[in-house]
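Reviewing the structure listed below.
The values are calculated or read from the model by the stated rules, or taken from the named source; none is laboratory data. Given the structure is predicted, the values throughout are model-derived calculations rather than measurements. We place every Cβ from the backbone using ideal geometry, glycine too, and count neighbours over all the protein chains shown. Just so you know, the surface numbers come from the protein's heavy atoms only, side chains and all, with ligands and any DNA or RNA stripped out. Shrake-Rupley method; radii C 1.70, N 1.55, O 1.52, S 1.80 Å.
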Amino acid sequence: MINNRFYYYLFFFIFFFNLAAAAEKGKIIENLKNYQSLEFSFLQIINEKSDIGFCYLNFPGKLKCNYDDNKKKELLINGKDLYITQKRYNKTSYYPLTKSPYLKILNKIELIKIIKKSEIKYLKDKIILINSNNEGKKINIFFDRNDLSLKGWEIEDQFKNNVTFLIEIISINKEVGDDKFQPPILN
């Protein structure tokens, strides 16, 4: 008798937790649909090394970040390619994005698919959506628990580095011209 009651309560708890998680994901998706562009400051952590800076993001797939470092680093994603420029040394590196998680994160349609498939976890003031693709690569997306705004992501890059990218949104849907996302001239 006690075992039956335990299983009943366990089923009841799991059912309502999953229902609440689905509702939370739905609210996050509706909020995300309102984003056309973002300006934000960031903290990037790669293998315990941290950098800060400022970014412009235009959906779908365009990101430009200026790092506050002595190399005057700039990251540019134009929808299909990734460029990292060190202006101090006049050096640019180019990487194709064919299998990069950035293709999914910076495209709202793909990001919404990730959200729908993700496991949801709550950590203090954050909602963490945890997703792994067929190759076992993880993509964790962070949202604010109160206003459901995007707070960042955690991925594994093409060099197998764990990359955490935390953001603080400064403005939403401010016009950012396409000229900001022009690829640099490769040296």
Please go through (1) at pLDDT 85 or above; (2) in contact with a strand residue (DSSP E or B) (Cβ under 9 Å, 6 or more places away or on another chain); (3) surrounded by 11 or more Cβ atoms within 10 Å (Cβ to Cβ) for Asn34 and return the number of the only condition it doesn't satisfy. (3)
Identity of the residue in the stretch 134-187, small (Gly, Ala, Ser) and without any contact (Cβ under 8 Å) to a residue 12 or more places away in the chain, that ends up most open to solvent (accessible area, probe 1.4 Å): Gly136
Members of the stretch 149-187 found to be assigned to a strand (DSSP E or B) and among the basic types (Lys, Arg), listed by number: Lys151
Taking the stated definitions as given, is Lys64 over 13 Å from the mean Cα position of the chain (by Cα) and either surrounded by 15 or more Cβ atoms within 10 Å (Cβ to Cβ) or of a type outside the set (Lys, Arg) (or both)? yes
